[in-house]
Amino acid sequence: MSASFLKDCLADAMFLLLREQRIEDIRVQQLCDVAGYHRASWFRSFHSKSEAVTYKMVRLWEVYCETHDVVIRDGFSLDNAEAFFQYNYEIRDTLRLMLRRGLMNEVQASFVAILKERHADDDVLSYENAVYAYALFGILKEWIVRDFRQTPEEMAVIIRRTFSHT
């Protein structure tokens, strides 16, 4: 069994439990029981429950990219804006859950992990991706709060218009 498979199982268990409980009320033993692993597996895999949520959000993006042939996966360009919004629209129930459970910081952390930290060795890309990570998160959060009123295509137009003015 690979470490990533174990982490996937534990993170999946977290998301199952989040449907019924706040993150603060979920116990490590519950997570392990749902995932079918011992407590030691949890502590080898994650430092916190928040880390498991962020990990799962990153994995959802990675799987989407693999299954939808998204070329630019760890950066943002106006060329992949529609893919970004289509992805978030497809996981809208998960994003609504994150908002309802007060876990938007974890969603934001996943943006930073995807867009910023993978280019930490390049100062220019690191700063540029930080700008995109925080700006995109702000736009996404507003879209979630507005309950996805616009289509992904409309959101792509909005983001293109917004970033073309900068």
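The values are calculated or read from the model by the stated rules, or taken from the named source; none is laboratory data. The model shown is predicted, which means the values in this text are computed figures rather than measured ones. Cβ coordinates were reconstructed from backbone atoms using ideal geometry, including for glycine residues, and neighbour counts include every protein chain displayed.
Out of Arg73, Arg101, I need the residue that is touching a residue at least 12 places away in the same chain (Cβ under 8 Å) and in contact with a Cys (Cβ under 7 Å, 6 or more places away or on another chain). Which one?
Matching residue, one of Arg73, Arg101: Arg73.
Of the residues Asn88, Asn129, Asn105, which single one is at pLDDT below 75 and either of a type in the set (S, T, N, Q) or part of a loop (DSSP other than H, G, I, E, B) (or both)? Break it down into steps so the answer makes sense when it comes.
On the way: Asn88 fails: at pLDDT below 75; Asn105 fails: at pLDDT below 75.
None of the others qualify; the one that does is Asn129.
Looking at the structure I just gave you, is Glu51 over 15 Å from Asp8 (Cα atoms) and either charged (D, E, K, R) or in contact (Cβ under 8 Å) with a residue 24 or more places away in the chain (or both)?
No; evaluated as a whole, the condition is false for this residue.
Out of Glu62, Glu90, report the one residue that is within 19 Å of Leu10 (Cα to Cα) and either outside the structural domain of Ala3 (by TED's automatic domain parsing) or free of Cβ contacts under 8 Å to residues at least 40 places away in the same chain (or both).
On the way: Glu90 fails: within 19 Å of Leu10 (Cα to Cα).
From the options Glu62, Glu90, the qualifying one is Glu62.
Of these, Leu10, Leu31, Leu16, which one is under 15 Å from Leu103 (Cα atoms) and without any contact (Cβ under 8 Å) to a residue 60 or more places away in the chain? Step through it out loud before you land on a result.
Working: Leu10 fails: under 15 Å from Leu103 (Cα atoms); Leu31 fails: under 15 Å from Leu103 (Cα atoms).
Being under 15 Å from Leu103 (Cα atoms) and without any contact (Cβ under 8 Å) to a residue 60 or more places away in the chain holds for just one of Leu10, Leu31, Leu16, which is Leu16.
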